[in-house]
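K.L.:
Starting off with a structure, shown below.
What follows draws every value from the coordinates through simple rules; no lab data is involved. Worth saying up front: this structure is predicted, and the values here are computed from it rather than measured. Ideal geometry is used to build each Cβ from the backbone, glycine not excepted, and the neighbour counts take in all protein chains shown.
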Amino acid sequence: MHIDLVPIWTLILGVSVFMYVLLDGFDLGIGILYPMAHGDDARSVMMNTIAPIWDGNETWLIMGGMGLLAAFPLAFAIIVPALYFPLLLMLLGLIFRGVAFEFRLKKTSHRRWWDLSFFAGSTAATFFQGVVLGMYVEGFTVTGRAFSGTSFDWARPFPLATGVGLLFGYAMLGATWLVMKTEGDLQQWARRCALIALYGVLAFIAMVSVVTPILHPQIAERWFSTPNIYYLALVPLITAAIALIAWRALRRNADYMPFIGAMGLFAMCYLGLGISLFPYVVPYSVTLWDAAAVPSAQMFLLIGTLFLLPIIFMYLGWSYYVFRGKVTADVAYH
Amino acid sequence: MELDPVFLSRVQFAFVIAFHILLPAFTVGLASFIVLLEGLHLFRRNPVYLRLSVFWTRIFAVSFGMGVVSGIVMPFQFGTNWSRYTDATGNVLGPLFAYEGLVAFFLEAGFLGIMLFGRKRVPAWAHFFSSIMVAAGTLFSSFWILAANSWMQTPVGHEVVDGRYVPADWLTIIFNPSFPYRLVHTVTGFYLTTAFAVLGVTAWHLKRGRHVDEARTVLDMTVIFIAIFVPIQIIAGDFHGINTLHHQPVKLAAMEGLWDTQARAPAVLFAIPDEKAERNRAEVSIPALASIYLGHSTDAVIKGLKEAAPAERPPVAPVFYAFRIMVGIGLLMLATAYWGLLLRIRGRLHTTSTYQNACIAMLPAGFVAVLAGWTVTEVGRQPWVVYGLLRTRDAVSPSLTGSDVIMSIALYVVVYLIVFGSGIFYMARLARAGPPEHVETREPTLGERPARPLSGAEAEA
């Protein structure tokens, strides 16, 4: 009996990466906005909104990385060396961001230094994740079964631009998260940040949507050929509708809708990316099926994963439930 | 100077894994030690055990946090620097690495939060259960990662298809010939590392007359523990060595410093191996002893390094010296254990200050021994990354240049020194502060349950 496990693993990996982008996205976004907030009290509240959950969010990155290694080893062996410096700088950024949560509270004399480390680590991690996204869309130079470009392929206009774009994206997630989780002056300030970030995100979505089909004729073909165009046109239309809803929600002082809208925008961009790149796991040379591990390896890991994933989701839901509601200055997790 | 990406990638891997392995070397044992303290508290109702458990849980939280952070870097190393290794071995090793990650994920998501922050929120038995699950999780993690490492030493259970390794039988892959020995030897080594770290901190407090009740309790327990487990570790090490003799004779010859195949092989106590002349300088050895402990007979023939062509041998000096450091520390540990046992029998364990000084001096011994043992097994495997199948020089990412790796090493070194330097400083401060006078019984405010390992130190303070 042969079951094709590739679609299942594509789904598991796709969900893991998306969970990572959404969840670590909003807490990295708070790091990006951090130095712009008015005063130390506001900064402490910002940090407290994410303090109990940020490290759980980060574990989805391990899930994605290990899943790619185990289920699609060839893709891992090609993509990861291509991302040598972006991944290195992202990991170092995440390390600085992570320890800043702890050390900023321990030694007041070094507090400014750890505050800076929190901001710089979050910003670097986000920027280089955006660079990775840009490189992925641009595609990798592959010879045989190996990456054959250089370790500096990332220093090109498009990846650098998507790096900046993701800064706006995570800032939007972070700001709308704060709108949901805080009150008063901080919430008003977060609304203003969220609006600016939303404009930035929309500009970058437009830029990528125009540039990508021009750079890659096969992507243009997928979106603009008939009959694809009739139903794929729904993607930009729904994206525009979500953007409008998020914008109006921010103008009308809604609490929850801006964050839901921001997540919706990310979901639509992710879907659009998937439509453009399918079936490649290494654009534009290696498909999911080319890169897949042998069925016995995929099956061996799937057994444990299917057992653990539901438990992880239940724990996650419970954790967010425990920490629901507004965070104010007098609620501290320390 | 020529910048060789293979050599530099090895330096980088050695650096990041050396930092990383020190943390599990400590947390695996500490998790089990905390289970013991929690269990003793639960069944004997003695508050000394509770105070000790709170104290060591704080230190555990910080080291576990650093272990997670340094661990995230590791899987990416396989891709960034060793992509051809990943391509060749991914079908076999990918699932083993992924299981290790999943277990750690599950453990962190589920039970660590309760263990660190839940003492006042869940019944005592549930807290005890959580600490058991965390300890079991650290052992399962060790199981999977050592299965992967052992397969790289003694690969079996696979087929070779187009130069890549495809799993044929998972049980054979996991329980490969060197795995049971490596698992026992490594986990016992981790337990002893923790025991000597605990012993050193305890002796430090006792010497200053602080936390005397706690210190005496721990000293009594630990001395018994090491008196049992140091000999077990030495025996396990001997079995692991015999296993290496069968499966990786060249590695064993490098460990022993034997160049010629011979019966009545001597145990080389000290020498300066000369790889060019293929002989030892300044050798001090005991005739026939190696044949006895490896072959259990003076006539047992032990293969020498010359059996393999020079290009097929590992670098001899690092393996040879690291092995002597490891064994030397083992003997010092044995002396510490039986000196302590003797003092305990004579009722002078709590009052002999020279013994306390010795324990303090031995605090880092386990960490050094773990690094030395790791060097023996990993450098001894060279020039192979997967023994007999894939050479290290064929495993590196083809796109890397030497200057790429120089830059990444420099960044790792700077960041690790800052971040882990701060972490170790903080752990040392916790260790100096000692157990709390009494454990807070206040009910925390609703919603106060940070799910982060490093914060456990604060939450229980």
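K.L.:
Let me know the shape class of the protein assembly as shown, please: from the alpha-carbon gyration tensor, a ≥ b ≥ c as square roots of the eigenvalues, rounded when a/c is under 1.5, otherwise prolate if a/b is greater than b/c, or oblate.
P.N.:
Judged from the Cα gyration tensor, the protein assembly as shown comes out oblate (a/c at least 1.5, b/c at or above a/b).
K.L.:
Can you list residues whose amide H is under 5 Å from residue A:281's amide H, if they're 5+ apart or on another chain and H is modeled 1.01 Å from N?
P.N.:
A:286, A:287, A:288
K.L.:
Mean Kyte-Doolittle hydropathy of 0.5 or higher plus an axial Cα length of 27 Å or more: which whole DSSP H helices in chain B meet both?
P.N.:
Helices meeting the criterion: B:5-44, B:47-80, B:83-107, B:124-153, B:179-207, B:212-247, B:316-345, B:402-433.
K.L.:
Kindly put A:24, A:153, A:40 in sequence by how many other C-beta atoms sit within 10 Å of each C-beta, fewest to most.
P.N.:
A:40, A:153, A:24
K.L.:
Mind running the shape call on the range A:62-114? Use the C-alpha gyration tensor, a ≥ b ≥ c as the square roots of the eigenvalues: rounded below 1.5 for a/c, prolate if a/b tops b/c, oblate otherwise.
P.N.:
Note, shape of the range A:62-114 comes out oblate.
K.L.:
Also, quick follow-up: Please list the non-local residues whose amide H lies under 5 Å from the amide H of residue B:158, H modeled 1.01 Å from N, same-chain partners needing a gap of 5 or more.
P.N.:
Long-range HN contacts for residue B:158: B:168.
K.L.:
Going by amide H atoms built from the backbone, whose H comes under 5 Å of the H on residue B:391, apart from near neighbours?
P.N.:
Close amide H contacts, sequence-distant or interchain: B:385.
K.L.:
Just to confirm the number: angle between the C-alpha axis of helix A:40-50 and the first principal axis of chain A, 0 to 90 degrees, nearest 10?
P.N.:
That helix lies at roughly 40 degrees to the long axis.
K.L.:
OK, next. So which trypsin sites (Lys or Arg not before Pro) in the range B:12-94 end up in coil per DSSP with only 14 or fewer other C-beta atoms within 10 Å?
P.N.:
B:45
K.L.:
Which whole-Hz ³J(HN,Hα) couplings does the range A:94-99 yield from phi under the Karplus relation 6.51 cos²θ - 1.76 cosθ + 1.60, θ = phi - 60°, glycine and proline marked x?
P.N.:
For the range A:94-99, the Karplus-derived couplings read 5, 5, 4, 4, x, 6 Hz, x marking Gly and Pro.
K.L.:
Then there is this: What average count of beta carbons from other chains do you get within 10 Å of the Cβ of residues in B:60-67?
P.N.:
Per residue, the number of nearby Cβ atoms from other chains is 1 on average.
K.L.:
If I take all pairs of Cα atoms in the range A:213-321, what percentage of them are more than 24 Å from each other?
P.N.:
Percent of Cα pairs beyond 24 Å in the range A:213-321: 54.
K.L.:
On a 0 to 90° scale, report how tilted helix A:157-181 is relative to the longest principal axis of chain A, with both axes built from alpha carbons and the result rounded to the nearest 10.
P.N.:
Once rounded, one gets 40 degrees.
K.L.:
Related question: Assuming a viscosity of 1.002 mPa s and a temperature of 20 °C, what translational diffusion coefficient in µm² per second does Stokes-Einstein assign to chain A, Rh being the Kirkwood radius over Cα pairs?
P.N.:
Approximately 102 µm²/s, per Stokes-Einstein.
K.L.:
Return the average number of partner chain Cβ atoms within 10 angstrom of each residue Cβ along peptide A:290-302.
P.N.:
5
K.L.:
What is the average number of partner chain Cβ atoms found within 10 Å of a Cβ in A:281-288?
P.N.:
The mean count of partner-chain Cβ atoms within 10 Å per residue comes to 0.
K.L.:
Related question: How big is the Cα convex hull of chain B in projection, averaged over all directions, in nm²?
P.N.:
24.2
K.L.:
Okay, next question. Rounded to the nearest 10 degrees, what's the angle between the helix A:184-215 long axis and the longest principal axis of chain A, both from Cα atoms, 0 to 90?
P.N.:
Long axis of A:184-215 versus the principal axis of chain A: about 20 degrees.
K.L.:
What are the ³J(HN,Hα) couplings of the range A:216-227, residue after residue, when phi is run through the Karplus curve with 6.51, -1.76, 1.60 and θ = phi - 60°? Round to Hz, x for glycine and proline.
P.N.:
Going residue by residue, I get 10, x, 5, 6, 4, 4, 4, 7, 9, 6, 8, x Hz, with x marking Gly and Pro.
K.L.:
Neighbour counts of other C-beta atoms within 10 Å: give me A:234, B:30 arranged from fewest to most.
P.N.:
Final ranking by Cβ density, sparse to dense: A:234, B:30.
K.L.:
Okay, moving on. Report relative contact order for the range A:6-322 in percent, whole number only (criteria: Cα-Cα under 8 Å, sequence separation at least 6).
P.N.:
Once divided by the residue count of the range A:6-322, the mean separation gives 22 percent.
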